[in-house]
1. Looking at ASN328, ASN299, can you tell me which residue is within 16 Å of ligand 1 (Cβ to nearest atom), surrounded by fewer than 21 Cβ atoms within 10 Å (Cβ to Cβ) and not small (Gly, Ala, Ser)?
2. Consider the range 202-216. How many of its residues are closer than 21 Å to ASP86 by Cβ and not in a helix (DSSP H, G or I)?
3. When you look at GLU391, is it away from ligand 4 (no atom under 16 Å from the Cβ), open to solvent by 40 Å² or more (accessible area, probe 1.4 Å) and within 29 Å of LYS467 (Cα to Cα), yes or no?
4. Could you look through the range 326-349, keep only residues that are of a type in the set (A, V, I, L, M) and under 15 Å from VAL370 (Cα atoms), and pick out the one that is nearest to the chain's Cα centre (by Cα)?
5. Restricting attention to the range 444-474, which residues are closer than 25 Å to GLY116 by Cα and touching a helix residue (DSSP H, G or I) at 6+ places or on another chain (Cβ under 7 Å)?
6. Taking the stated definitions as given, is ASP86 under 20 Å from ALA221 (Cβ atoms), open to solvent by 10 Å² or more (accessible area, probe 1.4 Å) and not hydroxyl-bearing (Ser, Thr, Tyr)?
7. Looking at the structure I just gave you, is ASN283 of a type outside the set (Asp, Glu) and farther than 22 Å from THR118 by Cα?
8. If you go through the range 180-188 one residue at a time, do you hit one that is open to solvent by less than 10 Å² (accessible area, probe 1.4 Å), out of contact with any strand residue (DSSP E or B) (no Cβ under 7 Å at 6 or more places or on another chain) and not charged (D, E, K, R)?
Amino acid sequence: MMMELDILLKSVSVVRVTGDTVRNITGINMDSRLVQPGDLFVAVKGTQADGHAYIGKAVEKGAVAVVCEAWPEVQAEGVTYVQVKDSESAVGRLATVFYGDPTSKLQLIGVTGTNGKTTIATLLYNMFRVFGYKCGLCSTVCNYIDDEAVPTEHTTPDPITLNRLLGRMADEGCKYAFMEVSSHAVAQHRIAGLKFAGGIFTNLTRDHLDYHKTFENYRDAKKAFFDGLPKGAFAVTNVDDRNGMIMVQNTKAVVKTYSLRAAADFKAKVLEESFEGMCLDVNGKEVSVPFIGRFNVSNLLAVYAAAVCMGRGAEDVLVALSTLRPVNGRFETIRSKEGVTAIVDYAHTPDALVNVLSTVNEILKRRGEVITVCGAGGNRDKGKRPIMAQEAVKNSDRVIITSDNPRFEEPQEIINDMLAGLDKEEMRKVISIVDRKEAIRTACMMARPGDVVLVAGKGHEDYQEVKGVKHHFDDHEVIKEVFGI
Ligand SMILES: CC(=O)N[C@H]1[C@@H](OP(=O)(O)OP(=O)(O)OC[C@H]2O[C@@H](n3ccc(=O)[nH]c3=O)[C@H](O)[C@@H]2O)O[C@H](CO)[C@@H](O)[C@@H]1O[C@H](C)C(=O)N[C@@H](C)C(=O)N[C@H](CCC(=O)O)C(=O)O
Ligand SMILES: Nc1ncnc2c1ncn2[C@@H]1O[C@H](COP(=O)(O)OP(=O)(O)OP(=O)(O)O)[C@@H](O)[C@H]1O
Ligand SMILES: N[C@H](CCC[C@H](N)C(=O)O)C(=O)O
Ligand SMILES: [Mg+2]
């Protein structure tokens, strides 16, 4: 791949230049460690480091041009230096031009909100493949270029990886791409330069306050995604969430609403539900789906609304909806021979725990006990820890607090932060076991036929991250081993 630097620079506002801009660039990078000879290096100020400190390293590795925000004191001969106002948002714009402006060739739909992004983006991808289109997906679990799986580390990749992926999707003939837009991605302009055909808002509850500091900043990061949608795009929003209308206050996109409770463009209600699935009424038509939980009705309704906004007939969409299956690690049930139901779910926020547990309780109707196994991630929002413990205790008969990716923190200290949210009475329901495997085993041994064991927090993850190392760990595997199936 190759492109002339001056063509690339048309996408950004240049403050100052030295060196030749009529020269070929063979790659673009924001991480000096990945630079190849012939690359353009973009220096970005980050949260841990300042990319400007690595300009020299990038040049040593063969970068022929540098885009930066602060003018470097030393300049290497033969290298072109370009100063821009905001290099963080320049990366996305440069990358999108470099990778052939993918969103001019395919329709990109973004999903944002605290919970439900992976579910909605994946279901839309599955649905549009059922309709016979080639599609792409960027999600927490895995990225896809039609049927080719591309592993991921992020919910929304960095702007260069993202544009490279979208570029490959366009080259492969994908007509649609569905992606999760995390709040980090909006705040860090990972999506700068992309033209979205539509946006979907799920809900907003507490998460990531370690990064955004206040709930308002977190909300505004999500809102900025809708502020940036172009005219002619659609914005599908959940009016059951108190921030649903705030999200679309300043958008130029056509706003469509969905709700399980209030008047809205798209409405749904539950007619019947069991651990096998639900029968729904969607805008006056009945449909059966193998999904569980009111929050999934909301997710399915968002999928339905977006598909209709994308021009599909309502009838076709309902038929396709009935063929969809749950996403890996999202309310997956595993039954033991003795009749214990284990559920693996990715609930890792207080709100998600409440939702999953209230669904379990609604279906169980006190015919059995609920035993919850959960933890909280290390080097993430500390404030959510005691609340997660409280919600688990409030909505379960017994709780085992354990580890969930301690990362660089002491596992026992994270558990202590969770326990600090509980009073003496609440503590009677709780035990803590640092080793997650032991915790799951203990929960399954405690359970009697008819009981439910909820194993929350890791969902699709197949690792336990400790001190920078990802050790293989899979909740499903452990449960099956204990159940002997
Ligand atoms: C806190 C955070 O979001 N960090 C992300 C951010 O990094 P940063 O800007 O802080 O980078 P930095 O380490 O300070 O470095 C600054 C710059 O110097 C460069 N550098 C650094 C070192 C070096 O030797 N050479 C070099 O050039 C870096 O490449 C970077 O360009 O931008 C990077 C590129 O986009 C991300 O990889 C990185 O994700 C870190 C690893 C991370 O863990 N992020 C998580 C919290 C995250 O983004 N999560 C969200 C949402 C999760 C969800 O709810 O689903 C996600 O979208 O995944
Ligand atoms: N609409 C919803 N409202 C509340 N909770 C939900 C909703 N959809 C899913 N959940 C819960 O949140 C968990 C995560 O769901 P999902 O992976 O779809 O969300 P996400 O927004 O992609 O999360 P992440 O921020 O980690 O990418 C699920 O396992 C479930 O417990
Ligand atoms: N995308 C979220 C996922 C959290 C999942 C949970 N298992 C944890 O590790 O905290 C994050 O990185 O905060
Ligand atoms: Mg996700």
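The values are calculated or read from the model by the stated rules, or taken from the named source; none is laboratory data. All figures in this text were calculated on a predicted structure; none of them were measured in a lab. When we count neighbours, we look across all protein chains shown, and the Cβ atoms used for this are built from the backbone with ideal geometry, even at glycine. What goes into the accessible areas is simple: the full protein's heavy atoms, side chains included, and nothing from ligands, DNA or RNA. Shrake-Rupley method; radii C 1.70, N 1.55, O 1.52, S 1.80 Å.
1. On the way: ASN299 fails: surrounded by fewer than 21 Cβ atoms within 10 Å (Cβ to Cβ).
Selected residue: ASN328, the only one of ASN328, ASN299 that is within 16 Å of ligand 1 (Cβ to nearest atom), surrounded by fewer than 21 Cβ atoms within 10 Å (Cβ to Cβ) and not small (Gly, Ala, Ser).
2. Looking only at the range 202-216, we keep the residues that are closer than 21 Å to ASP86 by Cβ, and these are 211-213.
Then keep just the ones that are not in a helix (DSSP H, G or I); that gives 213.
Selection size over the range 202-216: 1.
3. Taking the combined requirement at face value, the residue does not satisfy it.
4. Our first condition is that a residue be of a type in the set (A, V, I, L, M); within the range 326-349, this holds for 327, 334, 340, 342-344, 347.
The next check asks that each one be under 15 Å from VAL370 (Cα atoms); those that pass are 334, 340, 342-344.
Numbers: ILE334: 24, VAL340: 31, ALA342: 24, ILE343: 21, VAL344: 18 Å.
Looking at residues that are of a type in the set (A, V, I, L, M) and under 15 Å from VAL370 (Cα atoms), I get VAL344.
5. Listed by number, the residues that qualify are VAL452, VAL453, LEU454, VAL455, ALA456, LYS458, GLN464, PHE473.
6. On the way: under 20 Å from ALA221 (Cβ atoms): yes; open to solvent by 10 Å² or more (accessible area, probe 1.4 Å): yes; not hydroxyl-bearing (Ser, Thr, Tyr): yes.
Considered against the rule, which asks whether it is under 20 Å from ALA221 (Cβ atoms), open to solvent by 10 Å² or more (accessible area, probe 1.4 Å) and not hydroxyl-bearing (Ser, Thr, Tyr), ASP86 comes out as yes.
7. Numbers: of a type outside the set (Asp, Glu): yes; farther than 22 Å from THR118 by Cα: yes.
Yes: the conditions hold for ASN283.
8. In the first step, residues of the range 180-188 are kept if they are open to solvent by less than 10 Å² (accessible area, probe 1.4 Å); the result is 180-181, 183, 185.
Right, trim to out of contact with any strand residue (DSSP E or B) (no Cβ under 7 Å at 6 or more places or on another chain) and you get 183, 185.
In the following step, the residues that additionally are not charged (D, E, K, R) were identified as 183, 185.
For the range 180-188, residues open to solvent by less than 10 Å² (accessible area, probe 1.4 Å), out of contact with any strand residue (DSSP E or B) (no Cβ under 7 Å at 6 or more places or on another chain) and not charged (D, E, K, R): present.
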